[in-house]
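As structure tokens, the structure follows; a few thoughts come after it.
Coordinate-derived values only; no laboratory data. Just so we're clear, the structure is a prediction, and the values are computed from it rather than from any experiment. Quick reminder, even Gly has a Cβ in these numbers, built from the backbone with ideal geometry, and neighbours come from all protein chains shown.
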Amino acid sequence: MSTPAVPPVETHALSESQRVINTFVAPSKTFTDIRRNASWWVPWLILSVFGLIFSYAVTSKIGWDQVIQNEIAKNPSAAERMEKMPPEQREQAIRMQANIGKYSAFASPVFILLALVVVSAVLMATFNFGMGAAVKFGQAMAITAYGWLPSIVSSVLAIMSMFLGADPEGFNVRNPVATNLGAFLSPTDNKFAYALASAVDIIAIWMVILLGIGFACNSKVKRGTAIAVVAGWYIVVKLVGAGFAGMF
């Protein structure tokens with residue numbers, strides 16, 4: 001006598017708005033729903049909109065010339081080179097870098113998309129070839145896109161600080177809000193230590209956990225293991241970045 005097949009568990013299909021909300025309050029529901037629908041364009045659109053609003057706030061409240069001057073001030077060697085330039089040449093160099101920064105910032109939707117593709121491909125390869133998962137690329141893109149949504153919290157805090165009167169001369173475009181340990185250090189003292197401290201970021205840790213949950217929900221990899229894998233990649237990337245920062 002054959003054993004009757006266990007009927008599949010029916011799950012309620014989530015709308016895109018429900019998936020976005022659940023990313024913050026019940027992430028397992030969102031990431032499990034990705035098995036049904038691997039759409040990633042809504043979180044990418046949200047990330048892009050907040051990126052553009054942030055760029056507008058920097059343009060209108062800080063000014064890209066000021067942003068570049070702040071960046072130069074954090075780098076003694078760059079500041080020394082600028083001081084040796086004639087005034088007109090120095091102003092021209094700052095203006096050119098400011099234009100590059102501004103146009104790059106307003107092209108953030110493209111850069112976000114490229115970053116999603118790269119991160120999704122790396123994590124998919126790691127889980128599929130290293131841990132025997134069978135995550136499709138579309139699923140990996142959706143997991144990464146939804147897993148990055150907490151970054152809009154940083155954007156909102158930064159935007160609010162700028163519109164509430166943040167000091168333009170003290171504005172750090174690379175680290176605009178105090179969600180990490182780098183906010184308590186000076187970027188000019190020890191660049192390697194500053195970069196490592198900046199990596200200890202509550203929003204970034206939140207995102208790492210979400211990505212681990214996402215890949216666990218779409219494979220047979222245990223949740224703790226999946227989070228550890230994502231955290232390992234995050235640590236490697238930040239260590240390499242800190243190493244390069246310490247060289248310049």
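When a/c reaches 1.5 or more, the comparison of a/b and b/c decides; with that in mind, is region 161-248 rounded, prolate or oblate per its Cα gyration tensor?
Note, shape of region 161-248 comes out oblate.
Mind telling me which of Pro187, Pro76, Pro176 comes out most flexible in a GNM of the chain, alpha-carbon contacts under 10 Å?
Largest GNM mean-square fluctuation: Pro76.
If we count other beta carbons within 10 Å of each Cβ, what is the order of Lys220, Lys136, fewest first?
So the ranking, lowest neighbour count to highest, is Lys220, Lys136.
Using Cα pairs under 8 angstrom and six or more residues apart, how large is the relative contact order of region 22-153, in percent?
41 percent
Using each residue's phi in region 120-132, evaluate 6.51 cos²θ - 1.76 cosθ + 1.60 at θ = phi - 60° and report the 3J(HN,Hα) Karplus result to the nearest Hz, with x for Gly and Pro.
Values, residue by residue: 4, 5, 5, 5, 4, 4, 4, 6, 6, 8, x, 10, x Hz.
Could you run the Karplus curve 6.51 cos²θ - 1.76 cosθ + 1.60 with θ = phi - 60° over region 212-228 and give me ³J(HN,Hα) per residue in whole Hz, x for Gly and Pro?
x, 4, x, 6, 5, 5, 10, 7, 8, 6, 5, 4, x, 5, 4, 5, 5
To the nearest 500 deg cm²/dmol, what mean residue ellipticity at 222 nm is calculated for the chain from DSSP H runs of n ≥ 4 alone, each contributing -39,500 (n - 2.57), summed and divided by the residues?
The helix-only estimate for the chain comes to -22500 deg cm²/dmol at 222 nm.
Just to confirm a number: summing +1 for Lys and Arg and -1 for Asp and Glu over residues other than Asn22 whose beta-carbon lies under 13 angstrom from that of Asn22, what do you get?
Values: positive: Arg19, Lys29; negative: Glu16, Asp33.
Neighbour charge sum, excluding Asn22 itself: 0.
When Met131, Met96 are ordered from fewest to most other Cβ atoms inside 10 Å of their Cβ, what list results? The partial results should precede the final answer.
Details: Met131 16, Met96 11.
In order of increasing Cβ crowding within 10 Å: Met96, Met131.
Considering only lysines 8 or more places apart in sequence, or on different chains, count the pairs in the chain whose C-alpha atoms sit under 16 Å apart.
On the way: Lys61/Lys102; Lys74/Lys191; Lys136/Lys220; Lys191/Lys238.
Number of lysine pairs found: 4.
Where does each of Asp65, Asp201 land when they are ranked from fewest to most other beta-carbon atoms within 10 angstrom? Walk me through the numbers on the way to the answer.
Values: Asp65 17, Asp201 22.
In order of increasing Cβ crowding within 10 Å: Asp65, Asp201.
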